[in-house]
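S.K.: Here it is, the structure in full.
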Amino acid sequence: MTETTSGSALRIEHLETAGTFSLDGGTWDVQNNVWIVGNDDECIVIDAPHDAGAIVEAINGRNVVAILLTHAHDDHIRVVQELSDAVRAPTHLHSSDLMLWERVFPSIDPNHEIQDRDIFEVAGQRIKALHTPGHSPGSTCFYLPSEGVVFTGDTLFNGGPGATGRSFSDFEVIIESIRDRLFELPPETVVHPGHGGSTTIGDESPHLDEWLARGE
Ligand SMILES: [Fe+2]
């Protein structure tokens, strides 16, 4: 925990919401993680899946500095407009995922386009955007060095890279992103993904050759 200038400690809260993911004509039941980084006064929300009410409840009246989207697959952005309206917070997405965003929200754009290495400040700490294409062209991870944590969306899970079998995905590119950006972080860095349990960079990095051999 890190003491901030306002005196209340920065913390990371997690909730899980349930719904569906649809792409390429298929629909699957999924559970998604939502990560909330902040203190008693303000927070940043990472991803907006399925249930705006549950996310608003977890925010609990705090000022939301930004809603950061790890990518624009529909399970991660389904309720982002509802959430943005409810807590009056701007939405941020890498522009390379706009073709996915437009399938969910054809008539409205994200408020801001994320650029690689953008910095977002919350509760006296800094979150850095790492553009990590592969699962989707605009996939972005968010690194919080003060806590030794990286939020990886669907780029890196406990057990390996995110899926690359559907449209707009690329296995070679996701491997490059994981190797060159995520595995450059300290090995003790905790990985909080978009689905499932957490892991660390040091627990995942020894398995790169296995993932290359299996090709997914
Ligand atoms: Fe995804």
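S.K.: Of all residues in the range 171-194 being among the hydrophobic types (A, V, I, L, M, F, W, C) and in contact with a Pro (Cβ under 7 Å, 6 or more places away or on another chain), which is farthest from the ligand (Cβ to nearest atom)?
M.R.: Among those residues, the one meeting the criterion is Ile175.
S.K.: Now for a different question. Restricting to the range 135-170, and then to whatever is surrounded by 24 or more Cβ atoms within 10 Å (Cβ to Cβ) and assigned to a loop (DSSP other than H, G, I, E, B), can you tell me which residue is nearest to the ligand (Cβ to nearest atom)?
M.R.: Asp154
S.K.: Does the range 171-216 hold any residues that are assigned to a loop (DSSP other than H, G, I, E, B) and of a type outside the set (D, E, K, R), and which are they?
M.R.: Pass one, the range 171-216, residues assigned to a loop (DSSP other than H, G, I, E, B): 183-189, 194-198, 215-216.
Matches in the range 171-216: Phe183, Leu185, Pro186, Pro187, Thr189, Gly194, His195, Gly196, Gly197, Ser198, Gly215.
S.K.: Now for a separate question. One residue is enough: does the range 64-73 have a residue meeting the conditions within 14 Å of Ala123 (Cβ to Cβ) and over 15 Å from the mean Cα position of the chain (by Cα)?
M.R.: yes
S.K.: Which condition number does Asp47 fail, the rest of (1) in contact with a helix residue (DSSP H, G or I) (Cβ under 6 Å, 6 or more places away or on another chain); (2) more than 23 Å from Ala163 (Cα to Cα); (3) charged (D, E, K, R) being met?
M.R.: (2)
S.K.: So which residues in the range 146-172 are in contact with a strand residue (DSSP E or B) (Cβ under 8 Å, 6 or more places away or on another chain), closer than 19 Å to Ser205 by Cβ and either modelled with pLDDT under 95 or not aromatic (Phe, Trp, Tyr) (or both), if there are any at all?
M.R.: Gly148, Val149, Val150, Thr152, Gly153, Asp154, Thr155, Leu156, Asn158, Gly159, Gly162
S.K.: Considering only the range 52-80, how many residues are outside any helix (DSSP H, G or I) and either of a type in the set (Gly, Ala, Ser) or away from the ligand (no atom under 16 Å from the Cβ) (or both)?
M.R.: Summing the residues that are outside any helix (DSSP H, G or I) and either of a type in the set (Gly, Ala, Ser) or away from the ligand (no atom under 16 Å from the Cβ) (or both) in the range 52-80 gives 9.
S.K.: Might you check whether a residue that is more than 18 Å from Gly194 (Cα to Cα), within 16 Å of the ligand (Cβ to nearest atom), touching a Pro at 6+ places or on another chain (Cβ under 8 Å) and modelled with pLDDT of 95 or more occurs anywhere in the range 89-97?
M.R.: Yes, the range 89-97 has at least one match.
S.K.: Where residues in the range 6-25 are under 30 Å from Gly124 (Cβ atoms) and of a type in the set (A, V, I, L, M, F, W, C), which of them is farthest from the ligand (Cβ to nearest atom)?
M.R.: The residue in question is Ala9.
S.K.: What are the residue pairs meeting all of these: first residue in the range 97-111, first residue part of a loop (DSSP other than H, G, I, E, B), second residue modelled with pLDDT of 95 or more, Cβ atoms under 6 Å, and 6 or more apart or on different chains?
M.R.: Pro110/Thr91; Pro110/Leu93; Asn111/Pro90; Asn111/Thr91
S.K.: Right, next: What's the number of the condition Val80 fails, among (1) surrounded by fewer than 23 Cβ atoms within 10 Å (Cβ to Cβ); (2) under 21 Å from Pro133 (Cβ atoms)?
M.R.: (1)
S.K.: Are any residues in the range 102-127 among the charged types (D, E, K, R) and either under 15 Å from the mean Cα position of the chain (by Cα) or buried (at least 17 other Cβ atoms within 10 Å of the Cβ) (or both), and if so, which ones? Write out each step before concluding.
M.R.: Filtering the range 102-127 for residues among the charged types (D, E, K, R) gives 102-103, 109, 113, 116-118, 121, 126.
Those that are among the charged types (D, E, K, R) and either under 15 Å from the mean Cα position of the chain (by Cα) or buried (at least 17 other Cβ atoms within 10 Å of the Cβ) (or both): Glu113, Asp116, Arg117, Asp118.
The values are calculated or read from the model by the stated rules, or taken from the named source; none is laboratory data. Note that the structure is a prediction, hence the values are computed from the model and not measured. Ideal geometry is used to build each Cβ from the backbone, glycine not excepted, and the neighbour counts take in all protein chains shown.
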